[in-house]
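Since the structure comes first, as structure tokens, the remarks are kept for the end.
The values are calculated or read from the model by the stated rules, or taken from the named source; none is laboratory data. Here the structure is a predicted model, which is why all the values come from computation and not from measurement. Backbone-built Cβ (ideal geometry, glycine too); neighbour counts: all protein chains shown. Calculation scope for accessible area: heavy atoms of the full protein, side chains included, ligands and nucleic acids excluded. Shrake-Rupley method; radii C 1.70, N 1.55, O 1.52, S 1.80 Å.
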Amino acid sequence: MTWSFIGWILIGLSAVLLIGFSFFFKNRGRYTVREVPGIQQLLSARAAALEKGNKLHLGIGQRMWSGLYPGSGLYSLSILPKYLDGEIRNSGAMRVSSGDGVLTVLARQIIQNQYGDRYSFLLDQNPVKSDLPAPTPASSTAGLLNLLSFEKVSSLTLVGNYGLESVLFSEALHTNAGAFFSAVGNLTSQAALYPSKKDLLIGENIFLLPVAFSGKDSAQPAWTTEDILRIVVIFIMVAAVVLKLVGLL
Amino acid sequence: MPVLICPVCGAENPISGEKCLKCDATLDGVTPLDAPVEGLSGDESLGSPTKDEQDLPGLLQSLKDEGDIGEVEESLQNGLASNDDLSDIFAEKEASDEEVVPDWLERIRQRAKEEPDAIGDVTQKISAALETIADDKDENKHDDFQSWIENIRKPGSAHSEDQPANELKKENLPSRLSDEDWLMRIRKAEGKLPEGPDPTEQKGNSLLQWLIALEEGRETPSKLGDETSAADEEGDEFSSPITSGDYQVVNEQTQKIATPFKDVLDIDRLMVDISDEEQEQVNLFETVVTQENQAGQQHRPLRKIKHWIWRLVISLILISGLTASLLVWDNADISGAFLSPQNAAFLSWSEARQPGGSLLFIVDFQPGYFSEIMQISKPILGMMLEKDMEISLLSTTPSGELLFENLLAESTGEELAFTDLGYLPMSSLAAYGIANHVENELLQTPESPIVLPAEGYDGILLLSDQAEDVQIWVEQLTALMPETQVLLLLTSQAGPLSLPYWESGQVDGMISGVVEAAAFESAVSGQTVSPVGMRAYQLGSGLMVLMLLLGLTLKNRPDKDDIGEGAQ
Amino acid sequence: MNLSDLAWGIIGLILTVMVLSYAIGDNFLFRLASHIFIGLTAGYFLVVIIHQIVWPYWVTPLAVGSWGQRAWMIIPSALVLLLIISQFQKFSKLGIIPVSFLIGVTTAIVIGGAVFGTLIPQISTIVERFEPSAWAAAPEQTGFLVLDAVVMLVGVIGVLSFFYFGRRKIEFPDDDQTKRPRFFEGLGKIGQVFIGVTLGAIFAGIFSSTLWALIDRLSFASDLIKGLFGGT
Amino acid sequence: MKKILSAIIIIATGLLTLAGYLFREALSPVLALFTDWAILLIGIAGILGIGYLLRMHILRVAKKQKGNFYSIFLIIVFLLTVISGITLSPQSEYFKDMILNVQIPVEASLLGVVAITLLYTSLRVVRIQGWTPLSIGFLSSALIMLILNSGLIGFKPDSLAGRIAGFIQRMPVVGARGILIGMALGGLIVGLRVLLLLDRPLGED
């Protein structure tokens, strides 16, 4: 058995578990995941911003792609429809921005789909917008800093792929007593923010974000599968080490 | 249908369950209880809207979404609230002047007036939903609710055993009264029926009216924001009066106003559930808010000034220190810089290159890092050009070609020719693309703009500022082209996360940061090389060490993350 | 220093001062510099895309390719057109087709890269550290090698445990709902230390990189000023 | 119909691309086509993104919203750059000078601002995070790495002190490797959810 073969087994196992748990959780039971304080803070910040009549700003990433968090571009897009609940759709009290043309186009598609399912995008004179402050990561940083200033954004949530520039956004919000929440899928950003932000989502915890929007989320099969895979990987490592030590591998 | 109510979290569980689905607490000994309202409460009805429900307008959908918590008491509340809210919304069609009409509804109405067709989709769905709900209500809702609440009130029933009576009063009862007799009776029995005039009709200076005014836009929304900064001056941004616990000091009753913010922001729902006693409390609260608000308005400029001064001081110290060291001290001591194993491997690889070979450089860094990358790649570029290697370039940043031209010019002092394979906008696709690049004449596929030599390259050198990009390239190249030698020239920040790829053998050599590059250059040239600005760098690093050490002396105050305050 | 270099040098110096002014807060200078920068970057980006992507990947195959090659271009041309017309409200739903293609391709690359480029090589590296013959080959370092291998295994398991999603059973309403099951909670404590160490190293790296960028700007400014005023 | 077509496209392209890791030789021609098409689509999306950017600024100017003064500058510089790029060609020395002499100073200065910001936020670590295993690890690692990376203190790699220093310097790799493995699992699952249509990232349920 080669390592590559183990890789295909892991892919197959994950697919089977995901499908199995999707059916299982559809009808009964749920996987109780732990609470993450940062997520509670996101909910509070979001609610408080809406209550104050302030616009929310959701940054979905400087780039579609992130290596470290391979799915973070896709992940931020899959968070977007969950974030766009009825309240926000109806009030249009949110702006979505990214630093990548692809992400902006995809985000616009998602927003229109959300309105399309409910009532016409055209019906609302002030729908949620998807913007591109600038087309490259560095220029996008400058663009977003300006947007935060012009629009007096008091609640900024970052998901997806941002780098060390997150610390500039965080400080911009901090100076104006605004709310900043980061579920960025990039360790550079997490390390830069760690000294100054209490409730960061670090590492894989970002994948728990959907729990913020619904207790019975479709991500439950994913959480369960990931925990099982985690145990499988630990088991494979320990077993392989033992085999190695006794000379069987 | 009977259900089991979890004694720990109150969630509704199927009768066959042994453990709570939400919190895993044991359900042994819990007496089954009738489910409150079929179709309106519980996980299924509220948590997972049916296909028809998903077609409801956004507002209805959001009301449905409120109940997505699966807890009996909350689902009862939400069930009733949703029910009532729906009634209210439709009642708004014949709204009185006093009613709050949100902007979005106003726009719908406006559009409906202007365009007869526009009303169709929305109002038809609303009407259909109204009819469905009204039908449900007529058929069985009242009976179910009454029997359920009677069950709760029965001495010795599951709930009264597990939860104190006063808790039931406060939390398990519907948060909102309607005109229904049965509910009024329950309220009377629980002692919650207001004796005075209907609180919703009260005039006077109340939070209720303030909330209405806020909704109508008469009151400036920034009041809450100001109050946030006042109540939590210099504090955690996330804290708001509603969530930070300020409400808790007023009374448990008023917590009922605060808690719904966790799930929904339905001001309309909040307004109706206020009794006389609550009215007094909210008045008291409003006074507190007003005072805090005034204080906040005074504090905000102060906060900004503090920030400004603090930033100015730090900026001046750092910039003047660095400038002074650049102007005064030229050479720095870097005797502590030794070749790491990954640097030594890079050196071995460089020395083993035969003249006339070919290399592919991938430029994957932003122009801001040009200076650092230039210092890192200079010795390598010099070595490779001495061996007359053929150089190709692939960029994943728009300015990649320009940056590389400048790198060559700055490293060698002359303009050198190289093959430009162009700009590819996404690292992963670029990596996957070059690994799969083949011409197929049989299929007559278009010629790809990327022209790679058939014999491949002697090495692929990645110049990057981000560990994430390194990961993409290394993952794809080692998965698809395991025979290719991959070498990394990285900024300091990309180093730590790229090291595992060196240790796993996926990378054949690596240099990260100016200090490692200086050690490499020293090893190549046989004499100690001190990069320009090294002394300034050491000074800056020293300042950072000092700040981190100073930070150790501060007390942990997570609610106050303002540095100006903390530094004092 | 010729006139062109001097002019660009002065422009660079002015832009440097304008952007660095943001260090003490948002201001007019920063906004102006950043808008100039965004305008230029967007313009350049457009030029690059046209020259480096639209032209070679679309126009050239259609213009100079064989009929067979042109036939292959029908699919991407259709996808491009769908993407463009989906920007009009009436046809917005059509955008789902080109976007689905992009998502299909990129998602598969995510999976392939994650499993064959990271998961498998990293796991196998941990296991390879326990090779007894490698320990025996360097007797003076055996202690370090064993320690290194054990710390690596325990640390990685700790980090994986720290991110365990499942929650410990709660017995009382006041129980902490952030806790993992006890086994993972204990290992997670070890993992926390290593995560902190990694974040700290990255933080130091970030500071180094940004500090070099600042030093470069200050060095550039001081050189230019010295040059202007006749210094060396 | 569109949803079904979308599902078919995602599954077909996804599985084919994934199969490329197993049957690279056989599938390379098709996969090369896929990547070329995807690159073209991303390029077009980039152009559309610039359209959004321009629209935002034109609207800001037209509606005289806050920041319209700056937007005028942005539009002028944008037009100047595009016209220069087209008329002079991207290979022109003047054009290259114009791009790099703006991009490098602005981006490097922005990084300089980050350095200053990091310097004053670093004071807050204990204040914000308290004393936890994570914060202790963070602080000690940041301090050690800053000192070792300064080039002032160092040990010969083959000495005992050098081995200890090397061991300490390798500690971040442990956490990094754990995070990499964990995130690979996360990436695998996110990807599979999309390919198995269990998650629709476009929200088109």
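Here are the numbers for this structure:
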{"quantity": "3J(HN,Hα) from dihedral phi, segment C:209-216, Karplus parametrisation 6.51/-1.76/1.60, rounded to Hz, x for glycine, proline", "calculated": "4, 5, 5, 4, 5, 5, 4, 4"}
{"quantity": "Part-to-part distance (alpha-carbon centres) for segment D:54-69 and segment A:169-245, which is given in Å", "calculated": "38"}
{"quantity": "Chain lengthening between A:N27 and A:W3 when straightened (0.36 nm per residue, less Cα-Cα)", "calculated": "5.0 nm"}
{"quantity": "Interchain or long-range residues, amide H under 5 Å from B:V486's placed H", "calculated": "B:I460, B:D508"}
{"quantity": "Sum of -39500 (n - 2.57) over DSSP H runs of 4+, divided by residues of chain D (222 nm, nearest 500)", "calculated": "-27500 deg cm²/dmol"}
{"quantity": "Contact order normalised by residue count of chain A, Cα under 8 Å, 6+ apart, percent", "calculated": "24"}
{"quantity": "For residues of B:383-390, the mean tally of beta carbons on other chains within 10 Å", "calculated": "0"}
{"quantity": "P(r) weight above 18 Å for segment C:1-72, C-alpha pairs, percent", "calculated": "63"}
{"quantity": "31 Å Cα-Cα threshold exceeded, pairs from A:K82/A:K197; B:K306/D:K64; A:K52/A:K198; A:K152/C:K179; A:K129/C:K179; A:K82/B:K304", "calculated": "B:K306/D:K64; A:K152/C:K179; A:K129/C:K179; A:K82/B:K304"}
{"quantity": "Cα shape, chain D, gyration tensor, a/c 1.5 rule", "calculated": "oblate"}
{"quantity": "Check: segment B:355-483 dipole with +1 on Lys, Arg Cβ and -1 on Asp, Glu Cβ, in debye", "calculated": "180"}
{"quantity": "Degrees between helix C:96-112 axis and first principal axis of chain C (Cα, 0 to 90, nearest 10)", "calculated": "40"}
{"quantity": "On Cα atoms only, tilt of A:166-175 relative to the major axis of chain A in degrees", "calculated": "40"}
{"quantity": "Interchain or long-range residues, amide H under 5 Å from A:S155's placed H", "calculated": "A:H57, A:A179"}
{"quantity": "Centre separation in Å (Cα based) which lies between segment C:132-191 and segment C:196-232", "calculated": "38"}
{"quantity": "Value of relative contact order over chain C, rounded to a whole percent, pairs C-alpha under 8 Å and six or more apart", "calculated": "11"}
{"quantity": "Modelled FRET efficiency - R0 56 Å, B:K387 with B:L316, Cβ distances, 0.05 increments", "calculated": "0.75"}
{"quantity": "Low-density loop positions, chymotrypsin sites (Phe, Trp or Tyr not before Pro), segment D:1-82 - DSSP coil, at most 14 other Cβ in 10 Å", "calculated": "D:F23"}
{"quantity": "Simple Cβ-charge dipole of segment C:131-232, Lys/Arg +1 and Asp/Glu -1, about Cα centre, in debye nearest 20", "calculated": "300"}
{"quantity": "In degrees, nearest ten, helix A:220-245 long axis to first principal axis of chain A (Cα)", "calculated": "40"}
{"quantity": "Rg in Å to one decimal, and Dmax rounded to a whole Å, for segment C:131-232 via C-alpha atoms", "calculated": "24.6, 78"}
{"quantity": "Check: chain D dipole with +1 on Lys, Arg Cβ and -1 on Asp, Glu Cβ, in debye", "calculated": "680"}
{"quantity": "Whole-Hz ³J(HN,Hα) from phi, Karplus 6.51 cos²θ - 1.76 cosθ + 1.60, for segment B:398-415, glycine and proline x", "calculated": "x, 8, x, 5, 5, 5, 5, 4, 5, 4, 4, 5, 6, 7, 10, x, 9, 8"}
{"quantity": "Normalised contact order of segment B:364-506, rounded percent, pairs of Cα under 8 Å and 6 or more residues apart", "calculated": "26"}
{"quantity": "Residue list for segment C:52-74, given a label point 7 angstrom along the Cα-to-Cβ vector of B:T419 and an amide N cut-off under 15 Å", "calculated": "none"}
{"quantity": "Exposure of D:L5 as accessible area (Å², to 10), given a probe of 1.4 Å and all protein chains", "calculated": "70"}
{"quantity": "Cβ neighbours within 10 Å from other chains - mean over A:95-107", "calculated": "6"}
{"quantity": "Inter-site label distance for A:L13 and B:I309 at 7 Å from Cα along Cβ, in nm", "calculated": "6.0"}
{"quantity": "Buried accessible area, chains B and A (both chains, 1.4 Å probe, Å² to nearest 100)", "calculated": "5000"}
{"quantity": "Under-5 Å amide H pairs with A:S97, H placed in peptide plane, nonlocal only", "calculated": "A:L58, A:G59, A:I60, A:D131"}
{"quantity": "Most positive-pole-ward Cα, A:G92, A:P135, A:W8, against dipole of chain A from beta carbon charges", "calculated": "A:W8"}
{"quantity": "Of C:Q192, C:A204, C:L224, farthest towards positive along the dipole that unit charges on Lys, Arg, Asp, Glu beta carbons give segment C:131-232", "calculated": "C:Q192"}
{"quantity": "J(HN,Hα) series, segment A:139-153, from Karplus relation 6.51 cos²θ - 1.76 cosθ + 1.60, nearest Hz, glycine and proline x", "calculated": "5, 5, 4, 4, x, 5, 4, 5, 4, 4, 6, 5, 8, 6, 5"}
{"quantity": "Per residue value of the accessible surface for segment C:131-232 (all protein chains in place, 1.4 Å probe), Å²", "calculated": "40"}
{"quantity": "Shielding by other protein chains, A:54-64, mean Cβ within 10 Å", "calculated": "2"}
{"quantity": "Rounded Å value of the spacing that divides the Cα centres of segment C:37-77 and segment D:71-133", "calculated": "27"}
{"quantity": "Heavy-atom accessible area ranking, 1.4 Å probe, most first, across D:R124, D:R163", "calculated": "D:R163, D:R124"}
{"quantity": "Qualifying trypsin sites (Lys or Arg not before Pro) for segment A:144-249 [loop in DSSP, other Cβ within 10 Å: at most 16]", "calculated": "A:K152"}
{"quantity": "Solvent exposure of chain D as accessible area per residue, Å², 1.4 Å probe", "calculated": "34"}
